[in-house]
Ligand code: IFM
């Protein structure tokens, strides 16, 4: 099948003059996550997480890759902070490894906490805003051994962890996110088993989702009490679905796809209820909910993080659900994901319409994987540059349509451990040679720096 890749010659990262991207207070940042970059899996008292266990299980990740070393960021964090500063990004989004900072009996691990304190201090010293996610999929294994997110107790343990972190790191964080992509933790982790801990039962996924969101709701109060100057939010991955089918059932299939991917997370957070259509799709999987849970889950947020990557084409499965049918001849990334920037605009505008209480939004992840190689000291990642330009234009369109979007984080700063796909899929704007740990700026990184330098000089000359 022919695949079109949209690459413009003489590329730049240069939004039109009236784009929100030129506003000095629109944050442009880069993002990573602990297990994907840190390595040092058994150092300074770090305990095993479900991803250590899962990736060490034969057949679970491509080439048997694990995050044991990853980008060795735990040892090279100073170099990586200098790299970020050289790119002139306004903000950096990182996550904390729960198993690095808390012992199995819930006590602080001072060595692990010191790592994040030093990191955040260094970022602040360079003038960067710090966006810190508490949970980016790496549940301590000892909690999974007690049932993981299917066990209600895990939500209470999460709130205690949030309490500890916000007491220890208060004043160093601009924005806390409780969870990254609870859909992935619940559905991929417990519903189809593609991610750790590798369970595959829909009833487990819906119960896990409820406890993830409950943990979020309980954590919000602790974060606000301990670190009142910081913003508190959560990060959701969202997907856009269309159908090439001609029937009403096919339209319904696209609707149900979005219910499952988006409203399953956003409705409880913003409407204090799960979408009824979810139980049409997955009959008999309703979670056990205690009195007061939905009110906690629906605690108002300071911001909502949105992660967007691609569109899906679905048709009716002939029963009560949908099935995905890949579109032919569309542009795709190394992940096989369709490049479809308008899906981001469409979703943002739809969320504003459907949720009157929608908080301000940050695009907390957007980016793409490509098979990048260093040639003569440079990585020409033209598709990625074009991808960013088109998605930034989609964000700008959403802002012009009235959506309050305040920033955009590139996924990712570094090539890193792409979960079940190991190290083959490269999402970074900085290339990592895993044999030497050498970092090489890709063309996209050079252009980010060029754009941000120009933006700063314009604002200085206007001041
Ligand atoms: O690498 C992941 C990240 O950890 C969560 N969001 C999607 C990215 C790309 O798959």
Revision key, fill the gap. Note: the chain at 20 °C, 1.002 mPa s; Kirkwood Rh on alpha carbon pairs; Stokes-Einstein D in µm²/s works out to 96 µm²/s
Exercise for review: Among 46, 390, 439, rank each residue by its count of other Cβ atoms within 10 Å, from fewest to most, as a rough exposure measure.
Suggested key: 390, 439, 46
Revision key, fill the gap. Taking alpha-carbon centroids only, the stretch 37-59 lies from the stretch 245-314 a number of Å equal to 31 Å
Practice item. Return the distance in nm (one decimal) between the two label points of a simple spin-label model at residue 25 and residue 153, each offset 7 Å from Cα along Cα→Cβ. Key: 4.7 nm
Practice item. Sort out for me the Cα centre separation of the stretch 377-416 from the stretch 144-187, rounded to whole Å. Key: 28 Å
Revision key, fill the gap. Per the C-alpha gyration tensor (a ≥ b ≥ c, the square roots of its eigenvalues), the stretch 1-129 is rounded if a/c is under 1.5, else prolate if a/b beats b/c, else oblate; here it's oblate
Exercise for review: Starting with the fewest neighbours, write out 288, 235 ranked by other beta-carbon atoms found within 10 Å of each beta-carbon.
Suggested key: 288, 235
Revision key, fill the gap. With the stretch 272-348 reduced to its Cα atoms and the Debye formula applied, log10 I(q)/I(0) at q = 0.11, 0.14, 0.18, 0.22 1/Å amounts to -0.51, -0.78, -1.03, -1.10
Exercise for review: Using DSSP, restrict attention to beta bridges with both residues in the stretch 20-462 and report what percent are antiparallel, rounded to the nearest 5.
Suggested key: 20 percent
Revision key, fill the gap. Most packed first (mean Cβ within 10 Å per residue), the peptides 128-139, 271-282 order as 128-139, 271-282
Check your understanding: Hey, how much of the P(r) for the stretch 206-359 falls beyond 24 Å, as a percent of Cα pairs?
Key -> 41 percent
Exercise for review: Let me have the relative contact order for the stretch 20-462, percent, based on Cα pairs under 8 Å that are six or more residues apart.
Suggested key: 17 percent
Check your understanding: Seen from all sides and averaged, what is the projected area of the convex hull of the Cα atoms in the stretch 173-234, in nm²?
Key -> 4.1 nm²
**Study point:** Chain lengthening between residue 355 and residue 42 when straightened (0.36 nm per residue, less Cα-Cα)
**Key:** 108.3 nm
Point to revise | Residue order, fewest to most beta carbons within 10 Å, for 202, 123 | key: 202, 123
Check your understanding: Extension gain residue 105-residue 221, at 0.36 nm per residue separation less the Cα-Cα distance, in nm?
Key -> 39.5 nm
Review point. On alpha-carbon atoms, Rg over Rh for the stretch 67-113 using Kirkwood Rh?
Key: 1.07
Practice item. Please label the shape of the stretch 338-462 as rounded, prolate or oblate, based on the square roots a ≥ b ≥ c of the eigenvalues of the alpha-carbon gyration tensor (a/c under 1.5 means rounded; beyond that, a/b larger than b/c means prolate, else oblate). Key: oblate
Review point. Residue 200 to residue 325: FRET efficiency via 1/(1 + (r/R0)^6), r the Cβ-Cβ distance, R0 25 Å, to the nearest 0.05?
Key: 0.65
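Where a number appears in this text, it was derived from the coordinates with a stated rule and is not lab data. Note that this is a predicted model, so its numbers are computed, not measured. Because the Cβ atoms are built from the backbone with ideal geometry, glycine has one as well, and the counts that use them run over all protein chains shown.
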